[in-house]
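I have a structure here, written as C-alpha cells, and I will follow up with some questions on it.
We did not get these values from a lab; they are worked out from the coordinates using the rules stated. Just so it is clear, the model here is predicted, and its values are computed rather than measured. Don't worry about glycine lacking a Cβ; one is built from the backbone with ideal geometry, like all the others, and counts go over all protein chains shown.
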Amino acid sequence: MAALASSLLLLFLAVPIAQLISAGGAAGVRQLASDTELREAMSLTALTATAATLLGALGGTPLAYLLARRDFRGRAVLSAVLDLPLLIPHPVAGIALLLLLGRESALGGAMIAAGLRVVGTPLGIVAAMLFVAAPLYISGAREAFAKVDPRFEAVARTLGDTPLRAFLRITLPLSRRGLTASAVVMWARAVSEFGAIVVLTYNPKVASVLSYDRFTSFGLREALPVAAVLALLALVPLTALRTLRGADDGATP
Amino acid sequence: MIECRSLGARQGSFRLDAVSFAIPTGQYGVVIGPAGSGKTTLLEVISGVVSATSGSCWLNERDCTALPPEARGLGLVYQHAFLFPHLSVAQNIAYGAASSELAEEVARRFGTDALTSRPVRALSGGERQLVALARAFARRPSVLLLDEPFSSLDPRRRTIVRREVRALHRAWGLTTLQVTHDFTEAGLLGDVAVLLDGGRALQSGPPEDVFRRPASPYIAEFLGAENVLAGTVRVLDDKAPDWLAGESATLAHGYRAIEFTAGPLTLYTVGDFPVGDGYAVIRAEEIVLSLEAPTGSARNHFRGVVSELATLGALTRVTVEIAGVPLVASLTTRSAKELAFRPGMVVTASFKAMAVHLC
C-alpha cells in the first residue's frame, strides 16, 4: 500500500515536468535562436537571480554564522523572522515590498530622488528574488556552519588568529561546499519566482512572467516552449547540487 | 604560571564552579578526574575559547580573564587533534608558527616530518596527535594546555613522545597543564596534580600528596585506593609512643598517635585528625603479606584468610579477609608465586602506622 502511494506520488511529481520538456523542450531551444523576447527574458532571469544570490550571500553569510555559532537573546525570534518570507504567499511578499519600496513610501521616494527606481525595473526583480529566496540561503548556510566543529576555530585562535581571520582561513573553507549548495538553492528559487516579481516588476519580463504572459495572451501552445526552457534551466542547479552533495565537507576532527 | 582564582564558566548545562589552583612557572601540572568532570572545559576557559563567568585566570602574572585566545600566548592541543583537514600536514604545523625553522625543528622532533606528503584525512589517530603537538609547539607558547595528548599513541611511542614533551617543557621553561586519565602518567609528568570532579577542584598539590593523602574517601577511591575503611578516631597521646620506632616520620607538626577502629579492626596511625568519625585509606602496595607470625617494625598486623587472587601482569592483588573485613594487598606476581598464595591460606597482613592516611 505504502509502495503504491509512493509510486503514485513519484509519477505525479515527475510526469508533468517530463511531459513539459518532451512536448516543448526542443521547440523552446530552437525558439531561443529566433525569439528575442524569450532570449532577453532568460538572460534577465539569470542575471537578476545571480545578483540576488550574491546579495543574499553577502548579507546572509554573517547572519547564518551568527545563528549557527552564537547563543544570544532573541535568536529564536530572529530565526522566525528570517523564515517568514518562506511562509507567506509570494504575491503578498510582493505587496509588502511594494509598500516599502514604492514611490508612495518614504524609502521608495528617497530612492527615486537619488535616481534609484525599484518598481518596474530589474532592481525590483532583484528585490523580489532576494526577499523570497535569501531565507533558503541563510538556512542552508547556517546548517553548513553548524557542521564545522567550533573547536577548529578555537585551535586557530590559540594559534594567533583573530575571529575574522579564523573564519576566513578555517570556517569558510571547511563550509565551502555547504555554502555553495545553499547559494545554488537560492539561485534556483530566485529563477523560479513569479508571485512577488509580478507585483513589483511586470516589465521587463523574467522567464516566469513571460511564460504566464504568453499563456494568458496566446494560450498553451505559445506558452509551452517558454515553460519548457524554464524547466530545462532548473536542471542546471539540480545537477550542480548533486555534484556538490556527492562529496563530504569532512569538517571532523 | 597558570593560576585560576575561583574560576567559573558555563558550557551548555555544565558548570565549572569556583575552581582555584596554581601551577608555578616552569612546572608541569596534570588535571585528573572522571569523565564529564570538566577537564576539557577547564582548559578551554584557561585558553579563552570559553568565557569565564566568574573569577579570574592569570597567566605569567597577567590577568588574562578578559583577553581573547590569540592574545594569551598559549598553545592548546585537543585529544582529537582538530587538524585543519583542508591543509597539508606541513601547513598545519606552520599555521601560526613562530618561524618556519621552528616549525621544521618541532616536526623533526615529533617525527612528523615523514608525514608531510600524506593528506591529513589519511593520518591515524596517533599521527594526528603528533601533528597537533608539533603545531602547538611551533608557535613557541609560554603556556601549554594539553588534553589527553597521547591517548591514541601506542605504548612505545607514548613513552618517547612524553619524554620529548617533557624535554621541550624543561628546555623552553614552559608552564604546562595536561589532562590525563592515566594515573601513572600523572605521577610521571606532574609537578602539581589537580583533581577535578563535577566542575569543582577537589584537591591540588604534588601528585604524591594527592595520591597518598586524598582529601576525601571519594577521592581515595577515584584514585584507585583499594582499602578505604569507615571508622572512629581516638587520640592516644601527643608523645611518640614506642610503636613509632622505625617509622619514617615522628610526631612533628602537631601530629599525635591515633587509634582508628573500623568494625572488628583496630589500626594505629599518626596525624592531626580530630576525634570522631573518619575514613582510613591504605594503599594496597603498602600492605606486606607473610606466611609467618608478624615480624618487623610495622605497627599494624592482622591474621586473615586469602579469599581472592587477581594477577594483572607483573602485579598480583591478593584479598585477605580479616574478621570479615577485606583488605587488598598488591605484590609482585613473582613474590605471590614464590609464597604460593592460594585461597583459603592463612597469612599475616602488615602495614606501618605511616601507611594509614585518615580523611
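Against the longest principal axis of chain B, how steep is helix B:155-171, in degrees 0 to 90 to the nearest 10, with axes from Cα atoms?
Tilt of helix B:155-171: around 70 degrees.
For a quick check: sort B:V305, B:V288, B:V89 by the number of other beta carbons within 10 angstrom, fewest at the front.
Values: B:V305 13, B:V288 19, B:V89 26.
By the 10 Å Cβ count, ascending, the order reads B:V305, B:V288, B:V89.
Here's a follow-up. For A:I88 paired with A:V29, estimate the spin-label separation in nm (one decimal), with each label point 7 Å from Cα along the Cα-to-Cβ line.
Distance between label points: 4.1 nm.
Something else now. Taking chain B as the reference, fit the longest principal axis to its C-alpha atoms, fit the long axis of helix B:125-138 to the helix C-alpha atoms, and give the angle between the two in degrees, 0 to 90, nearest 10.
It works out to around 70 degrees.
Turning to a different aspect of this structure: Based solely on its DSSP helices, what 222 nm [θ] is calculated for chain B when runs of n ≥ 4 H residues each add -39,500 (n - 2.57) and the sum is averaged over all residues, nearest 500 deg cm²/dmol?
Details: 9 runs with 81 residues, N = 359.
Per the formula, -6500 deg cm²/dmol.
Gain in length, B:V275 to B:A171, computed as 0.36 nm per residue apart minus the alpha-carbon separation, to one decimal in nm? Display every interim value, and only then the final one.
Numbers: separation 104, 0.36 × 104 = 37.44 nm, distance 4.83 nm.
Extra length available between B:V275 and B:A171 comes to 32.6 nm.
Work out how much length A:L220 to A:I112 would gain on full extension: take 0.36 nm times their residue separation and subtract the Cα-Cα distance, in nm to one decimal. Don't skip to the end; give the middle numbers.
Details: separation 108, 0.36 × 108 = 38.88 nm, distance 3.83 nm.
Length difference between fully extended and current span is 35.1 nm.
Neighbour counts of other C-beta atoms within 10 Å: give me A:L11, A:L67, B:L123 arranged from fewest to most.
Values: A:L11 11, A:L67 22, B:L123 19.
Ranked by crowding around the Cβ, least crowded first: A:L11, B:L123, A:L67.
Using 1/(1 + (r/R0)^6) with R0 = 60 angstrom and r between the beta carbons of B:R200 and A:E40, what's the FRET efficiency to the nearest 0.05?
Working: r = 71 Å, r/R0 = 1.19.
With R0 = 60 Å, the Cβ-Cβ based efficiency is 0.25.
Follow-up question, since we're still on this one. Between B:E308 and B:S124, what's the calculated FRET efficiency when r is the beta-carbon distance and R0 is 45 Å? Round to 0.05.
Details: r = 39 Å, r/R0 = 0.87.
It comes to 0.70.
Filter the GluC sites (Glu not before Pro) in segment A:25-122 down to the DSSP loop ones having no more than 15 other Cβ atoms within 10 Å, then list what survives. Before the final figure, lay out each step's value.
Numbers: sites: A:E37, A:E40, A:E104; in loops: A:E104.
Answer in residue order: A:E104.
Now a separate question. Does chain A classify as rounded, prolate or oblate by the C-alpha gyration tensor (a ≥ b ≥ c root eigenvalues; a/c under 1.5 gives rounded; else a/b over b/c gives prolate, otherwise oblate)?
Here chain A falls in the oblate category.
Using helices alone, I'd like the mean residue ellipticity at 222 nm for chain A: each DSSP H run of four-plus residues gives -39500 (n - 2.57), total over residue count, nearest 500.
On the way: 12 runs with 199 residues, N = 253.
One gets -26500 deg cm²/dmol as the mean residue ellipticity at 222 nm.
For the protein assembly as shown, rounded, prolate or oblate, judged on the Cα gyration tensor with a ≥ b ≥ c (square roots of eigenvalues), a/c < 1.5 rounded, else prolate if a/b > b/c?
On the way: a/c = 3.03, a/b = 2.78, b/c = 1.09.
Prolate.
What list do you get for B:S88, A:S34 if you sort them by fewest beta carbons within 10 Å? Please report the intermediate quantities before stating the final value.
Details: B:S88 16, A:S34 8.
Ranked by crowding around the Cβ, least crowded first: A:S34, B:S88.
Same structure again: Could you list the residues of segment B:144-166 with an amide nitrogen less than 18 Å from a label point located 7 Å from the Cα of B:A98 in the Cα-to-C-beta direction?
Residues B:144-146, B:164-166 fall inside that zone.
If I model a spin label at B:D154 and A:S22 as a point 7 Å from the Cα along the Cα→Cβ vector, what separation in nanometres do I get?
Placing both labels 7 Å beyond Cα along the Cβ direction yields 6.2 nm.
GNM on chain B, C-alpha springs below 10 Å: top fluctuator among B:G38, B:G324, B:G73?
B:G324
Next up: Full extension from B:S13 to B:E285: what is 0.36 nm times the residue separation minus their Cα-Cα distance, to one decimal in nm?
Working: separation 272, 0.36 × 272 = 97.92 nm, distance 4.00 nm.
Stretched out fully, the B:S13 to B:E285 stretch lengthens by 93.9 nm.
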